[in-house]
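Accompanying notes for the structure given below.
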Amino acid sequence: MQRPLNTLSVDLVFSQGSMSLRGLAHMFQTLLHHTCASTLTSLHVNTGYTDNMTKDDANSVGDSLRPLFSLPNLRDIFLRFSLLSELDDEWFKDAAPSWPHLESLDFYGTAGKPRSTLAGMLPLLQHCPQLRTYNLGVLAIPFDTTLSHCWSGNRGITEMRFAYSPLNYDDANNVSLCILLMFPNLKHLFYTKQHGEEEWDDGWERVLNLFYSRKSVSSDDEVWDDEDYGNV
């Protein structure tokens with residue numbers, strides 16, 4: 001009798017050359033062929049932020065990761081590779097129903113501005129009621145809060161951090177309101193500063209100030225200033 005496959009952790013180091021999306025897709029397809037793949041509950045894949053991952057004609061980033069939709073028992077997903085920033089709202093909409101037991105989602109990519117938005121997080125709140133840890137780089141634009149009756153906020157998440165998340169200063173007030181609606185029990189909100197992205201810092205500082213003001217929560221550490229979020 002085979003033992004269940006509960007945890008898979010992969011660190012990929014590129015000393016020379018690079019890995020293509022085709023190679024990544026092949027890795028995940030191979031995982032699905034494992035006889036105990038359906039028992040997997042924790043998946044960590046880390047290539048670092050200087051992986052030089054290349055695109056190819058056969059695979060988009062979203063297509064390369066779609067094999068993960070066939071792992072319904074996943075509770076913990078941690079992915080770190082540069083091209084993750086190309087995942088969009090439609091991909092998260094398709095992914096959300098696949099992981100009903102999801103408790104922790106941690107995605108960051110650094111290849112350009114992220115394509116997913118705050119609105120793209122809503123399907124995960126709807127389909128993943130056990131979600132407790134949610135760290136994601138997003139395009140921080142507000143959504144129509146009058147539609148809040150169509151979904152319920154996540155009451156389990158009490159701490160959240162954003163990084164690699166572009167924000168227009170003029171949107172800070174509405175972004176703060178959206179976050180409060182999405183996570184009504186959120187007590188601690190953080191933003192990780194990055195070199196070369198100083199243009200977003202003022203907007204996030206305003207979001208944090210508005211958030212803590214509205215929640216009446218004081219914090220001595222509202223903004224984390226880590227150069228490399230991967231080491232946090």
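Mind checking which residues of region 75-100 are outside any helix (DSSP H, G or I), among the basic types (Lys, Arg) and either over 24 Å from Leu12 (Cα atoms) or modelled with pLDDT under 90 (or both)? Answer for region 75-100, where residues must be outside any helix (DSSP H, G or I), among the basic types (Lys, Arg) and either over 24 Å from Leu12 (Cα atoms) or modelled with pLDDT under 90 (or both): just Arg80. Looking only at residues of region 36-54 that are modelled with pLDDT of 80 or more and either open to solvent by less than 30 Å² (accessible area, probe 1.4 Å) or farther than 18 Å from Asp11 by Cα (or both), we find that the one that is farthest from the chain's Cα centre (by Cα) is Cys36.
The set of residues from region 21-32 being closer than 10 Å to Pro67 by Cβ and either free of Cβ contacts under 8 Å to residues at least 24 places away in the same chain or touching a Lys or Arg at 6+ places or on another chain (Cβ under 9 Å) (or both) comprises Ala25, His26, Met27, Phe28, Thr30.
Counting just the residues of region 5-23 that are open to solvent by less than 80 Å² (accessible area, probe 1.4 Å) and in a loop (DSSP other than H, G, I, E, B), which one comes out modelled with the highest pLDDT? Per the stated criteria, the residue is Asn6.
Identify, by number, the condition in (1) more than 21 Å from His44 (Cα to Cα); (2) surrounded by fewer than 18 Cβ atoms within 10 Å (Cβ to Cβ); (3) of a type in the set (S, T, N, Q) that Thr133 doesn't meet. The number of the failed condition is (1).
The values are calculated or read from the model by the stated rules, or taken from the named source; none is laboratory data. Computed from a predicted model, the values in this text were never measured in an experiment. Neighbour counts run over all protein chains shown; Cβ positions are idealised from the backbone, glycine included. Areas reflect the complete protein model, heavy atoms only, side chains present, ligands, DNA and RNA absent. Shrake-Rupley method; radii C 1.70, N 1.55, O 1.52, S 1.80 Å.
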